[in-house]
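Structure first, commentary second.
The values are calculated or read from the model by the stated rules, or taken from the named source; none is laboratory data. Worth saying up front: this structure is predicted, and the values here are computed from it rather than measured. Here the Cβ is made from the backbone with ideal geometry for all residues, glycine too, and neighbour counts use every protein chain on show. These area figures cover heavy atoms from the full protein model, side chains too; ligands, DNA and RNA do not enter into them. Shrake-Rupley method; radii C 1.70, N 1.55, O 1.52, S 1.80 Å.
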Amino acid sequence: MIYLDNAATTRIRPEVLKIMTEYLAENYANPSSIYAPARVAKMAIDTAREQVQKAIGADKPAEIFFTGSGSESINWALKSIASQNASRGKHIITTAVEHPAVLVTLDHLSKEGFDVEILPVDEYAQITAEQVKNAIRPDTIMVAVMFANNEVGTIMPIAEIGAHLKEINESRGKDNKVYFFCDAIQAVGRIPVDVNACNIDLMPISAHKMYGPKGVGALYVRRGIKMMPLIHGGGQERGRRGGTENVAGIAAMGLAVELAIAEMDDVAKSHRELQKYLIESTLKAIPHSRLNGHPENRLPNSVNITFEFIEGEGMLLLLDSKGICASSGSACTSGSLDPSHVLMAMGMPHELAHGSLRLTFSKDTTKADLDTFLETFPTIVERLRQISPLWEEFQRVGNIDALLGK
Ligand SMILES: *Cc1c(COP(=O)(O)O)cnc(C)c1O
C-alpha cells in the first residue's frame, strides 16, 4: 500500500505507540489518585503539557489543555469565546476555506445570533491581513483564520494578521479585545508555528496529524483568557474538562509533537523536493491539469491538482485498486458528492472541482512511492477521460471555457 493521504491522518510512530502501550498496560493508575503509580501517570501528563507548550512557543504549560480531538478543541474555543464575550459584541470574522469543524461551529453560532462574516479568498485560497483589518468593527470579538489549509496546503499570513490585531487591540483596551483563533492542526510539526510571534490567543492542535494517536487533541489558550468549562466533572484540566484523563493518549501526543518538531526542518526539506518532483512530473505527464493552492506559500507535504474532464471518485477508486490511497478533498467531506467548499471558494467551477486530487506525504514517503503513482496515474486519467462526456465534447469544441459557458 502506498499511503498518500497524510493530511487525513498519519500512521503512529513506533516510539509513540510504545509509550502509549506503556501507559495503558503498565502505568495505568488514575492520575488523580495519591499513590506512587498515580504520580507516574500524573507526571506523564505534566511532561506532555510541557512538550506541547515548547513545540508551539507558549509561555506556560498551564496554557495547554488536553481534549478528545482537534474538532473538540475548535468547538470549545469558538463557543467559549462567543458566549463569554456576547455582551460586548457578536461579530466574528472567518474565512471561506476553514475546516468544517470551524465553519459548522460558526454556522451554529450564527443561528444563535452571532454575526459571522466569512471573508472571501483569492484563487490560491489565501486572504490578506488587510482584508481582516478592514473587516474589524467595534463589535468584533474574534477572528478565526487557519494557519494552513488542509485541502490545498496554502499558508495564511498569520503573523501579519496577528500583528494587525495586536495593534488594534492596543487601542481598544484589554476589556474589549478581538481574540485571535488559529486552527494550526495541519501546520504544527510541518512548518514553524509560534503563538507569541503570531499573537495567537487560541490554537487547536491534533495528535493524529503528526504521527500520534487519533482521538487526542490540545487547545492552547493564552494566559488570562477565561474559558467556560467544556465538561463539568472531577476538576481535571483545571476544572475545564472533567473526566479521567486519556493518560496514554496524552503522553503519546506529547512525544509525537516533540519528535515532529525535532525533525521538522529535515523532513520539510525532503518534502519540498518530493513536492516539486510530483507537481512537475504530474503536470507534464497529464495534459489539462493544473495545480491548486499557492505555488510557493504552501505546506511542504501537500499537492492538490485538478484534472479537467474527470470525476474525482473514479480517480480515487482506480488508484485504490492499485493500492494507492489518496483523497479528492478533505476526508471529512469526501463521503459526500458535493464539490470541495475550498475549491469553490477559490472560484473553481463545479465541473473542475470534481476532478481534483490531493496527495499528502508523510515523513516516510519516498520518491519510489511517487514513481509508482506516476507510473499508474496517467493510464487512469486516460481511462476516465475516455468515458467522460465532457472530454468527448471537448474533443469536438476544443475550448474548455466555451464548454463551461464562460
Ligand atoms: C484534521 C483537521 C481538523 C480536525 O481534527 P480532528 O482531530 O480530526 O478532529 C481540524 N482542522 C484541520 C485543519 C484539520 O486538518
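Structure summary
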| read-out | value |
| --- | --- |
| Lys/Arg +1, Asp/Glu -1 at C-beta; the stretch 62-136 dipole; positive extreme among 85, 126, 71 | 85 |
| 3J(HN,Hα) from dihedral phi, the stretch 235-243, Karplus parametrisation 6.51/-1.76/1.60, rounded to Hz, x for glycine, proline | x, 5, 6, 6, x, 9, 9, x, x |
| Fraction of antiparallel bridges per DSSP, the chain only, in percent to nearest 5 | 55 percent |
| Carbon/sulfur fraction of accessible area - the chain, other protein chains in place, 1.4 Å, % | 53 percent |
| Separation between Cα centres of the stretch 14-76 and the stretch 332-392, rounded to whole Å | 38 Å |
| Most fluctuating residue given options 131, 84, 395, as computed from a GNM of the chain linking Cα atoms under 10 Å | 395 |
| Rounded Å value of the spacing that divides the Cα centres of the stretch 203-269 and the stretch 123-183 | 23 Å |
| Solvent-accessible area per residue, Å², over the stretch 1-136 with all protein chains present [probe radius 1.4 Å] | 46 Å² |
| Order by protection proxy (mean Cβ within 10 Å, highest first), peptides 273-282, 301-310, 382-391 | 301-310, 273-282, 382-391 |
| Highest-MSF residue in the chain out of 89, 57, 224 [GNM, Cα springs under 10 Å] | 224 |
| 222 nm mean residue ellipticity, helices alone, for the chain (DSSP H n ≥ 4; -39,500 (n - 2.57); rounded to 500) | -13000 deg cm²/dmol |
| Selection of GluC sites (Glu not before Pro), the stretch 81-164, meeting DSSP coil and at most 16 other Cβ within 10 Å | 112, 123 |
| For residue 116, distant residues with modelled amide H under 5 Å away | 92 |
| Residue-normalised accessible area of the stretch 160-247, given per residue in Å² at a 1.4 Å probe | 41 Å² |
